1. Can you work out which of the residues in segment 138-158 that are basic (Lys, Arg) and over 25 Å from Ile119 (Cα atoms) is modelled with the lowest pLDDT?
2. How about segment 88-99: which of its residues are surrounded by fewer than 17 Cβ atoms within 10 Å (Cβ to Cβ) and either in contact with a helix residue (DSSP H, G or I) (Cβ under 8 Å, 6 or more places away or on another chain) or assigned to a helix (DSSP H, G or I) (or both)?
3. Does segment 140-153 hold any residues that are surrounded by fewer than 19 Cβ atoms within 10 Å (Cβ to Cβ) and either outside any strand (DSSP E or B) or polar (S, T, N, Q) (or both), and which are they?
4. Could we say that Arg204 is assigned to a strand (DSSP E or B), assigned by TED's automatic domain parsing to the domain that holds Glu124 and either more than 15 Å from Ser139 (Cβ to Cβ) or at pLDDT 90 or above (or both) here?
5. What residue, of Ala106, Ala79, Ala110, is exposed (fewer than 15 other Cβ atoms within 10 Å of the Cβ), aliphatic (A, V, I, L, M), outside any loop (DSSP other than H, G, I, E, B) and modelled with pLDDT under 95?
6. Out of segment 88-103, which residues are in contact with a Ser or Thr (Cβ under 9 Å, 6 or more places away or on another chain) and either at pLDDT 90 or above or within 23 Å of Ser139 (Cα to Cα) (or both)?
7. At least 2 residues that are in contact with a Phe, Trp or Tyr (Cβ under 9 Å, 6 or more places away or on another chain) and modelled with pLDDT of 85 or more in each: list the strands (runs of 3 or more DSSP E) lying fully within segment 1-40 that qualify.
8. Just to be sure I understand, how many residues within segment 48-75 are closer than 29 Å to Arg234 by Cα and basic (Lys, Arg)?
Amino acid sequence: MARAPRVRSFCVLHPDCEFSDPKFRHDSERVELAAQSSPLAGRRQATLEEGASFDVVFPARTGQDVIFQEVAKASVLDAIENFRSATFVAFGPSGCGKTFAVTGGAKRFADRGLIPRSICAIFEAIGARGPDRSDFEVSISFFEMYKGAVVDLLSDKRRKVAIQPRSQDDPSGRQGPALVGLLRHSAASETDAYQLLFQGDSNRHFERWPQNAETSRGHVFYVAYVTHAPSGRRGGLPLADLA
C-alpha cells in the first residue's frame, strides 16, 4: 500500500528580520518569538512565547538555488519519472518575499525563483531522455483569483473563467470545482514556458503600498503539466503565490 504524501513546510527568513532582538530566536527547524502580555490588575506582566516548527528554516539571504534544491527539485523530477503531482504554496504577510520566492527577482539571473527553476529542471530532465524526449509534452496554465473571480492570465484582456462543480460521474475522475474555459498552452521548449510566465506576470493585479513598492493583490497559480503522450499519464506542478 502506497504511503500518503506528506506535507512539508519551509520558512525563509527575510533579510529585514530583527536578528539582534532577544525576543526573536530561530534554529534550522524552528522560529520563536517572545512577547510581553498586557499587565492585569494585581498581576505581573508575563512573557508569552509563540513558535512554529518547519522541515527547514532557511537563513536570510539563502541562495535561490539552495532553496529550490531542498524544496522543489525532487518533486519536479517525480512529475516526470512517476507522473506524481505536487503543489507548492507561498504564503505570509504582504512584503515578506512570497513573489520573490516563487518567481524571483528581475535584476540577477541567480535570483530566479521556484517557477523558472522548475521550468529549467523539467526540460533538462526531458532532454536527458534522448530519443524518448519526443514522448513528453509540457503545457502551462496561469490564472489569478482576484476579488472573487478567476482570471485567465494567458488570455486577452484578463478574461474571467467560470467555476462549475464537477458531477460525481465526471470522466476525468477528479473532484472539486472545474475551471471551465481555462486556457492551457503548449510549451515546446524552455523558452516557450518562460514567455508564458512573462505574459501572465504582466497581466497580474498589483498595487503599490507604502511598506511594499509592488504587492500582488490576487492569489496567483502557475500550473505546469507534464504528459507522457504514448500512455496518457500526466503529472501536474501547481505553484501558488498567495496575496
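The values are calculated or read from the model by the stated rules, or taken from the named source; none is laboratory data. Predicted model, so just to flag it, every value in this text is computed and none were measured. Positions of Cβ are backbone-derived with ideal geometry, glycine not excepted, and every protein chain shown enters the neighbour counts.
1. Top of the filtered list is Lys157.
2. Selection gives Phe91, Gly92.
3. Within segment 140-153, Lys147, Gly148 qualify.
4. no
5. Ala110
6. Answer for segment 88-103, where residues must be in contact with a Ser or Thr (Cβ under 9 Å, 6 or more places away or on another chain) and either at pLDDT 90 or above or within 23 Å of Ser139 (Cα to Cα) (or both): Phe88, Ala90, Lys98, Thr99.
7. 10-12, 30-36
8. 1
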